[in-house]
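For reference, the structure discussed in these notes is given below.
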């Protein structure tokens, strides 16, 4: 019997196929189409509206770099806000830093959270067991527009700029995030794959730059996010200085935290941009 395959067609002109050994779940949540499948290479895969969100095999390449780069670089983060990230793998990675006092996560789709809690306990069980973790079901853009709380770090773990996630790439949203930052705070954003999403990258980083006055990015490589480097936006009043934290200091701040992708050397290397990405970033900053 021939294998079943599922195709991801997120990028125009490109079709990615993943073999489906077993479908564990498929349903419409009311917000989006949620699927969980097993693949022989990537293990358990969660897809929203046909786009891969997280896999058990390579989630570390994304979650570690979104969490540990700003936390290790800043050195004084106590309060963290996560927008999106319904699989809660990012929250679990963030909470490995024992000096944090509070981690608030706002996710729009309760079914994604419940689903991930049931099917990805290796990613998030530690987060749900941690008393510092608070999850709120609601609109992340509305939350930052209305809350009076301030955070040392805001992580925007969004889907792609379409559907429910589109608002999380706007200048208005980024301005609201900037207004919720504590002094020396940092914003990190999921900013797509510049090679395949060049226009969206320029538009999103341009909006972040206009909202904060000084946006840049750093890079990771996640195998299931086809197209090469994934960019993570980097902004906020503390971002420029934190970027230059010495490797010895980074290592001290990460003592006792095991990683598979992040290291002090990879941390610094992530800010070295290939010319084609540096040029796109310059275009974004010019507006």
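Could you look through the stretch 271-287, keep only residues that are in a loop (DSSP other than H, G, I, E, B) and over 14 Å from residue 193 (Cα atoms), and pick out the one that is farthest from the chain's Cα centre (by Cα)? Let's see the steps before the verdict.
Our first condition is that a residue be in a loop (DSSP other than H, G, I, E, B); within the stretch 271-287, this holds for 271-274, 287.
Still in the list and also over 14 Å from residue 193 (Cα atoms): 271-272, 287.
Values: 271: 16, 272: 19, 287: 24 Å.
Among residues in the stretch 271-287 that are in a loop (DSSP other than H, G, I, E, B) and over 14 Å from residue 193 (Cα atoms), the one farthest from the chain's Cα centre (by Cα) is 287.
Inspect all residues belonging to the stretch 2-17 and state whether any of them is assigned to a loop (DSSP other than H, G, I, E, B), in contact (Cβ under 8 Å) with a residue 60 or more places away in the chain and more than 22 Å from the chain's Cα centre (by Cα).
Looking for residues that are assigned to a loop (DSSP other than H, G, I, E, B), in contact (Cβ under 8 Å) with a residue 60 or more places away in the chain and more than 22 Å from the chain's Cα centre (by Cα), one finds at least one in the stretch 2-17, hence yes.
Residues of the stretch 71-89 being in a helix (DSSP H, G or I) and over 12 Å from the mean Cα position of the chain (by Cα), which ones? Working first, answer last.
Here is the first cut: in the stretch 71-89, the ones in a helix (DSSP H, G or I) are 71-74, 89.
Scanning the stretch 71-89 gives 71, 72, 73, 74.
Based on this model, can you work out whether residue 99 counts as at negative phi, assigned to a helix (DSSP H, G or I) and out of contact with any helix residue (DSSP H, G or I) (no Cβ under 7 Å at 6 or more places or on another chain)? Walk me through it before giving the result.
Numbers: at negative phi: yes; assigned to a helix (DSSP H, G or I): no; out of contact with any helix residue (DSSP H, G or I) (no Cβ under 7 Å at 6 or more places or on another chain): yes.
For residue 99, the condition - at negative phi, assigned to a helix (DSSP H, G or I) and out of contact with any helix residue (DSSP H, G or I) (no Cβ under 7 Å at 6 or more places or on another chain) - is not met.
Within the stretch 38-56, track down each residue that is closer than 20 Å to residue 223 by Cβ, in a loop (DSSP other than H, G, I, E, B) and touching a residue at least 24 places away in the same chain (Cβ under 8 Å). Talk me through it step by step, then tell me what you get.
If we filter the stretch 38-56 for residues that are closer than 20 Å to residue 223 by Cβ, which is where we start, we get 38-48, 50-56.
Then drop every residue that is not in a loop (DSSP other than H, G, I, E, B), which leaves 40-42, 50, 56.
The answer is 42, 50, 56.
Give me a count of the residues in the stretch 231-260 that are touching a helix residue (DSSP H, G or I) at 6+ places or on another chain (Cβ under 7 Å) and surrounded by 15 or more Cβ atoms within 10 Å (Cβ to Cβ). Full working, then the answer.
As a first pass, look at the stretch 231-260 and keep what is touching a helix residue (DSSP H, G or I) at 6+ places or on another chain (Cβ under 7 Å): 231-233, 235-236, 238, 242-243, 245, 247, 250-251, 253-254, 259-260.
Next, from what is left, pick out any that are surrounded by 15 or more Cβ atoms within 10 Å (Cβ to Cβ): 231-233, 235-236, 238, 242-243, 245, 250, 253-254, 259.
Final tally of qualifying residues: 13.
Say whether the condition of being in the same structural domain as residue 172 (by TED's automatic domain parsing) and more than 30 Å from residue 50 (Cβ to Cβ) is met by at least one residue in the stretch 190-209.
Going through the stretch 190-209, the residues in the same structural domain as residue 172 (by TED's automatic domain parsing) turn out to be 190-209.
Going one step further and asking which of them are more than 30 Å from residue 50 (Cβ to Cβ), we end up with 209.
Yes; the residues of the stretch 190-209 include at least one that is in the same structural domain as residue 172 (by TED's automatic domain parsing) and more than 30 Å from residue 50 (Cβ to Cβ).
Looking at the stretch 105-159, which of the residues that are over 25 Å from residue 36 (Cβ atoms) and in contact with a helix residue (DSSP H, G or I) (Cβ under 6 Å, 6 or more places away or on another chain) is surrounded by the fewest Cβ atoms within 10 Å (Cβ to Cβ)? Walk me through it before giving the result.
Here is the first cut: in the stretch 105-159, the ones over 25 Å from residue 36 (Cβ atoms) are 131-132, 134, 141-154.
The next check asks that each one be in contact with a helix residue (DSSP H, G or I) (Cβ under 6 Å, 6 or more places away or on another chain); those that pass are 141, 144-145, 153-154.
Details: 141: 20, 144: 25, 145: 15, 153: 26, 154: 29.
Among those residues, the one meeting the criterion is 145.
The values are calculated or read from the model by the stated rules, or taken from the named source; none is laboratory data. Keep in mind it's a predicted model, so treat the numbers as computed, not measured. Cβ sites come from the backbone with ideal geometry, for glycine too, and all protein chains shown count toward neighbours.
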